[in-house]
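To start, the structure under review is shown below, and the notes come after it.
The values are calculated or read from the model by the stated rules, or taken from the named source; none is laboratory data. None of the values given here were measured: they were computed from a predicted structure. FYI the Cβ positions are ideal-geometry reconstructions off the backbone, even for glycines, and counts take in every protein chain you see.
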Amino acid sequence: MQADQKKMPLVAAMLKYKKEQVYPFHTPGHKGGRGMEPLLAGELGAGALQMDVSLMAELDDIHCPEGCIAAAQTLAAQLYGSDRCFFAVNGTTQAIQAMLMTAVKPGGKVLIPRNAHRSLMRFFVSTRRSLPGRSKKLCKKILLLKQCF
């Protein structure tokens, strides 16, 4: 059964939180825009800053979603025709590495383009998976780069 793809459960929860006019004692530090530099606040918009909140009980738990995040992930999975969908935090690097750790078994091979995101290199170094078709010299350089991450 296909769900209503016009629903936005996470946005609805954020709007509800904004409407309650809570004075936050949690991250982010701009406190719903109150502490934001005026020029930047003007560019981003007061409404957006009031919805820039941490994930807390009112907005579900990203690590074990049961409410609005779970509903949004289910909608996304249905939209993309996948069995499940998981929202990622901490940006693209974390999402790429989590996906690879799930999909690539130790000893498995991955074909990557020359211009691949550098998070791929960090994945191979930190998980000690091999880099197919890479020379030992390049692998040593990558190991040295590990100190830069």
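Just name the residue that is modelled with the lowest pLDDT out of those in region 31-59 that are in contact with an Asp or Glu (Cβ under 9 Å, 6 or more places away or on another chain) and more than 27 Å from residue 70 (Cα to Cα).
In this case the residue turns out to be 33.
How many residues, within region 78-113, are hydroxyl-bearing (Ser, Thr, Tyr) and either touching a Gly at 6+ places or on another chain (Cβ under 8 Å) or more than 23 Å from residue 67 (Cα to Cα) (or both)?
Total satisfying the criteria: 3.
If you scan region 48-70, which residues turn out to be closer than 15 Å to residue 6 by Cα and over 17 Å from the mean Cα position of the chain (by Cα)?
Passing the criteria: none in range.
Among the residues of region 56-72, how many are of a type in the set (A, V, I, L, M, F, W, C) and within 14 Å of residue 12 (Cα to Cα)?
So the answer is 6.
Answer yes or no as to whether residue 11 is out of contact with any Lys or Arg (no Cβ under 6 Å at 6 or more places or on another chain) and loosely packed, with under 13 Cβ neighbours inside 10 Å.
Criteria met by residue 11.
Just to verify a result, which residue in region 113-133, among those that are part of a loop (DSSP other than H, G, I, E, B), modelled with pLDDT under 75 and not hydroxyl-bearing (Ser, Thr, Tyr), is farthest from the chain's Cα centre (by Cα)?
Here the residue is 133.
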